[in-house]
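Values in this text are rule-based calculations from the coordinates and carry no lab data. Since the structure is predicted, the reported quantities are computational estimates derived from the model, not experimental observations. When we count neighbours, we look across all protein chains shown, and the Cβ atoms used for this are built from the backbone with ideal geometry, even at glycine.
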Ligand code: NI
Ligand code: MN
């Protein structure tokens with residue numbers, strides 16, 4: 001059984017095959033996520049898509065308190081190491097890691113990546129998490145790009161977690177095209193509402209997806225959803 005919990009913005013916890021995997025923690029800086037307690041987030045794996053602070057702000061705290069294995073590009077792992085994190089595994093686009101029954105594939109994204117102080121953050125990416133028969137795609141921040149077709153062909157995800165807020169990433173219309181290229185019928189939206197630039201009309205987004213035969217799920221912050 002797979003389940004996912006939303007902690008706001010691009011931060012999710014995926015529980016699958018006994019593993020807790022957290023993506024892109026940005027909680028204490030997100031006023032919409034004020035009811036989420038960072039201290040309770042204790043994953044086995046911490047995956048970071050890119051270095052922007054709205055994706056890594058709480059990464060060091062969570063890594064240190066949980067001793068989660070952090071998986072990210074080399075440059076982000078170096079940044080973690082400089083802050084005392086010791087359990088990390090650097091990868092890059094195209095890298096695959098097996099962790100028990102799950103395989104993590106580091107996929108490309110069309111986006112920038114630097115830390116708040118301007119330090120280069122490596123290349124922005126996303127992740128596919130796969131078991132033998134199923135897969136989930138977490139896009140990270142990205143524009144619509146044609147290699148989503150390749151990700152669909154190679155990994156055939158049943159679920160995709162896609163940015164839908166526009167301005168910095170895909171918007172709803174582009175995410176519908178992305179879902180088609182990926183071949184998914186179930187999408188979980190992320191990267192919306194947190195800032196003024198990315199506020200969306202929820203009902204309108206859900207209906208647009210529905211008109212194309214795709215279900216868009218917009219979770220409330222703190223909400224858990226079973227994915228089967
Ligand atoms: Ni970003
Ligand atoms: Mn972002």
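Any idea how many residues of the stretch 51-67 are within 16 Å of ligand 1 (Cβ to nearest atom) and under 12 Å from residue 38 (Cα atoms)?
Applying the first criterion (within 16 Å of ligand 1 (Cβ to nearest atom)) to the stretch 51-67 yields 51-59.
Checking the rest, the ones that are also under 12 Å from residue 38 (Cα atoms) come to 57-59.
Going through the stretch 51-67 one residue at a time, the tally reaches 3.
Any residue in the stretch 168-183 that is touching a residue at least 40 places away in the same chain (Cβ under 8 Å) and closer than 16 Å to residue 150 by Cα sitting within a Cβ distance under 8 Å of a residue that is away from ligand 1 (no atom under 16 Å from the Cβ) and part of a loop (DSSP other than H, G, I, E, B)? List the pairs, counting only those 6 or more apart or interchain.
Listed pairs, sorted by first residue: 182/157.
One line per residue, one yes/no per condition, for (1) buried (at least 24 other Cβ atoms within 10 Å of the Cβ); (2) within 18 Å of the chain's Cα centre (by Cα):
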site: 161; (1), (2): yes, yes
site: 169; (1), (2): yes, yes
site: 176; (1), (2): no, yes
site: 191; (1), (2): yes, yes
site: 197; (1), (2): no, no
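Just to be sure before I move on: is residue 47 surrounded by 15 or more Cβ atoms within 10 Å (Cβ to Cβ), within 19 Å of residue 140 (Cβ to Cβ) and within 16 Å of ligand 1 (Cβ to nearest atom) in the structure I sent? Lay out the reasoning, then the answer.
Values: surrounded by 15 or more Cβ atoms within 10 Å (Cβ to Cβ): yes; within 19 Å of residue 140 (Cβ to Cβ): yes; within 16 Å of ligand 1 (Cβ to nearest atom): yes.
Against the criterion (surrounded by 15 or more Cβ atoms within 10 Å (Cβ to Cβ), within 19 Å of residue 140 (Cβ to Cβ) and within 16 Å of ligand 1 (Cβ to nearest atom)), residue 47 qualifies.
Go through the residues of the stretch 84-93 one by one and say whether even a single one is farther than 30 Å from residue 146 by Cα and within 16 Å of ligand 1 (Cβ to nearest atom).
No, there is no match, as no residue in the stretch 84-93 is farther than 30 Å from residue 146 by Cα and within 16 Å of ligand 1 (Cβ to nearest atom).
Would you confirm whether or not the stretch 24-37 contains a residue that is surrounded by fewer than 22 Cβ atoms within 10 Å (Cβ to Cβ) and closer than 23 Å to residue 132 by Cα?
Looking for residues that are surrounded by fewer than 22 Cβ atoms within 10 Å (Cβ to Cβ) and closer than 23 Å to residue 132 by Cα, one finds none in the stretch 24-37, hence no.
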